[in-house]
Each structure stands twice: as C-alpha cells, then as structure tokens.
Amino acid sequence: MTSSAQPVFRFAPSPNGLLHLGHALSAILNHDMAQASAGRFLLRIEDIDQTRCRPEFEAAIFDDLAWLGLEWERPVRRQSDHLALYASALKRLDDMGLVYPSILSRGEIKAAVADAEAGGDDWPRDPDGAPLYPGRERDLGFEARNAMIAGGKPHALRLDMKKAVLSVGAPHLTWQETGSGPAGETGIITADAAAWGDVILSRSDAPSSYHLSVVVDDALQGVTHVVRGRDLYHATSVHRLLQQLLGLPQPVYHHHRLLLGADGRKLSKSNRDTGIRAFREAGRTPADIRALIL
C-alpha cells in the first residue's frame, strides 16, 4: 500500500461535457478530504478521447470548480500531453506476452454471443453486464498477429486476462476500501479482475484506455487516496492487477454513493437540468450545491 507523509487526492474529469451534481460531489469530497488531512488536491484532465473532448468543456470545468470554491495545484495534468508514458506501459505489458490485437466489432461480438446463447451456452458477462470478449485472436502466432494489424482493419489491443492473472497470483490481490461498494463492501476487498475478461488497453482511435492511463497517472502523481463514484468500484480489480503487473504503488480507495436522476439512473452530462452551470444560472449558490449533495 502507498505510504506518504502527505496524502494526495485528485479529481479527474473528462472534458466531453459540462459537469453535473455528481461531479460536484466527487470534486468536493476529494477537496474536503485533502484539506481535513492536510493533504494535496490535484485536478487532472482526462482528455485522451480527442473525438469527444473539447477546449470549451475544459474551460467550463475550471470555471465551475472555481465557482464552487475549490482550489487545486498547478499546473494541471492533461493526459493528452503524456501519451508516450501510456505507450511505454503498454509496451511493458506486451513484452510480458500479455497483449494481443482484437478485430471484432461490437456488432460481431454481439452476433457471436447471440449464436452461442442460441445454442444453449451461458455467455459470461462483466460486472457492468457487457458480454466478455470472445478472444478468438488470443492464441494467434506472432506472424498472424502482425499480418492482421498490417491488413489495416481497425483493432484494439487487449490484456490476456488469464495469463495476467496467473502471472501475478491475482486471486490474492486486494485493496483497502474506506468507502463502500454497491452491496456495502468495505475494509480489505479481494480483487476479481478475471470477471472483466480481456479488457481493452488501447484502440485505433484512442492510444490508451481508461484502465491503463488512470493507474499510470495515479502512480506518477503520487496519488495516495482515490475517491470516486461507486460505479467504478468493480473496475478497481482491473486497476489493482495493472498496478501489480507494472510495479506501481496502490492507493487507498474510497468509493462514494452516486447521485441519481429522476429516472433512477446515475447522472449524465446530457442531463442539463442537473448540471452545475444550470444551477448557477438559476441563481443557486455554492452553499446551495453543498446542501443538495452532502
């Protein structure tokens, strides 16, 4: 577990829309927990997906957080400035023989699952309910893999989960949870990365996945406490596996409750009525926001 004389917290939004009340909850919790522990509060912009991220949304993030009364260290880290670091981490995993190219589209995956289930198979799904990748390319030889990539078909690079789990004895991986999971889980939690199957590490249109970049960033920034929404609780298993594979320190994790919309689902950036900007324009104050979410 990470040890540090000074705790380090971070809030890491993606600039692909305006912040909503759920973001405000996470940002305020990180900020206040940092202050309460005489720690540091960092802001990180997760902007690898350049097809959706926009400068105006990044500017709005700074504006909304400042309006809430939050202060963070400068300079702000932007993932798009550090692509070489993620590529280096990906190469390390590839050199271990844990990475393979996958070419099936979402439609092809869906068709493969439908065929299997029509035949009576119970196709495994990840904790979010998505079917696990079939992994047809997993056992291809070196030449066949190179030929596939050279063919020009869009592909993703995936983690060979079975090999990765075996290489680190992942069934014994744990993390310290000071918040709680969906069923109230807290304390020392056993990681189950295998439940996610062969997760994506890189795509043709995105040089690094969330899973890979977040563990690299947290380690390089010295983050000791990851405070985030409960929707990422199960993903922590993948992050603990990647940390172990790459020799990175593990932070303490704290997953907080999610704010839900009128439809019972977690808030989305598309729900403008729950956006921080909408509350500001309606004359609400930062104190009003705190009273709503804390």
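What follows draws every value from the coordinates through simple rules; no lab data is involved. Only a predicted model underlies this, so the values are computations on that prediction, with no experimental measurement involved. Here the Cβ positions follow ideal geometry from the backbone for every residue, glycine too, while neighbour counts run over all protein chains shown.
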Quick one: grab the alpha carbon gyration tensor of the range 189-238, order the square roots of its eigenvalues as a ≥ b ≥ c, and give me rounded if a/c is under 1.5, else prolate or oblate depending on whether a/b is larger than b/c.
oblate
Rg/Rh ratio calculated on Cα atoms of the range 28-97 (Kirkwood radius):
1.10
Enter the angle in degrees (range 0 to 90, nearest 10) between the Cα long axis of helix 83-95 and the first principal axis of the Cα atoms of the chain, meaning the one along which they spread out most.
30
Whole-Å distance linking the alpha carbon centroid of the range 193-210 with that of the range 230-267 is 15
Taking every alpha carbon pair in the range 157-205, what does the distance histogram look like in 5 angstrom bins from 0, in percent?
5, 18, 21, 19, 16, 15, 5, 1
For a quick protection proxy, order the peptides 44-55, 120-131 by their average other-Cβ count within 10 Å, most packed first.
44-55, 120-131
Taking N as the number of residues in the range 59-124, what is its alpha-carbon radius of gyration divided by 2.2 N^0.38 Å?
1.99
Cα atoms only: what Rg and Dmax, in Å, come out for the range 135-249?
15.8, 48
Quick one: what Rg and Dmax do you get for the range 211-294 from the alpha carbons, in Å?
16.5, 49
Can you list residues whose amide H is under 5 Å from HIS256's amide H, if they're 5+ apart or on another chain and H is modeled 1.01 Å from N?
ARG228, GLY229, ARG230
Can you give the alpha-carbon Rg of the range 29-188 over 2.2 N^0.38 Å, where N counts its residues?
1.39
Give the calculated FRET efficiency between ARG136 and ALA38 to the nearest 0.05, with a Förster radius of 45 Å applied to their Cβ-Cβ distance.
0.30
With no solvent and one point per C-alpha, what does the Debye sum give as log10 I(q)/I(0) for the range 34-74 at q = 0.25 Å⁻¹?
-0.92
Lys/Arg Cβ at +1, Asp/Glu Cβ at -1, dipole of the range 112-202 taken about the Cα centre: which of GLY197, SER180, SER167 is farthest positive-ward?
SER167
Amide H to amide H under 5 Å from LEU201: which residues, 5+ apart in sequence or cross-chain, H placed 1.01 Å off N in plane?
LEU157, ARG158, LEU159
Pairwise over distinct Cα atoms, reciprocal of the mean inverse distance: report the Kirkwood radius of the chain in Å, one decimal place.
20.6
